[in-house]
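Working notes, beginning with the structure itself.
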Amino acid sequence: MAELLALPPTVSVTTAARALGIGKDKAYELIKADQFPARVISLGATCRVATASLWEVLRVSP
């Protein structure tokens, strides 16, 4: 729990996938299908996941 609360404002897809208990490949598959459960921010070829949105999905309260 402490590790989740210590995350920066955005995290990598790999970090978000680990928090959700899925693999990186599955996470990118969900992003491509526009079905990733947390807010994804596209920055050119890079994707980041909004930590606050990830907390909501995981029902973590800061």
Query - Any pair with Cβ under 6 angstrom, 6 or more apart, that starts in segment 12-35 at a residue that is closer than 24 Å to Met1 by Cβ and ends at one that is open to solvent by 90 Å² or more (accessible area, probe 1.4 Å) - result: Thr14/Lys24; Ala17/Lys24
Report summary line: Restricted to segment 22-38 and to residues being charged (D, E, K, R) and outside any loop (DSSP other than H, G, I, E, B), the residue most open to solvent (accessible area, probe 1.4 Å) is Lys32
Report summary line: Of the residues in segment 39-62, those that are part of a strand (DSSP E or B), under 10 Å from Thr10 (Cα atoms) and open to solvent by 40 Å² or more (accessible area, probe 1.4 Å) come to Val40, Ile41, Arg48
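The values are calculated or read from the model by the stated rules, or taken from the named source; none is laboratory data. These figures come from a predicted structure and were not determined experimentally. No Cβ is skipped: glycine too gets one built from the backbone with ideal geometry, and neighbour counts run over all protein chains shown. We work out accessible area using only protein heavy atoms, side chains counted, and drop any ligands, DNA or RNA first. Shrake-Rupley method; radii C 1.70, N 1.55, O 1.52, S 1.80 Å.
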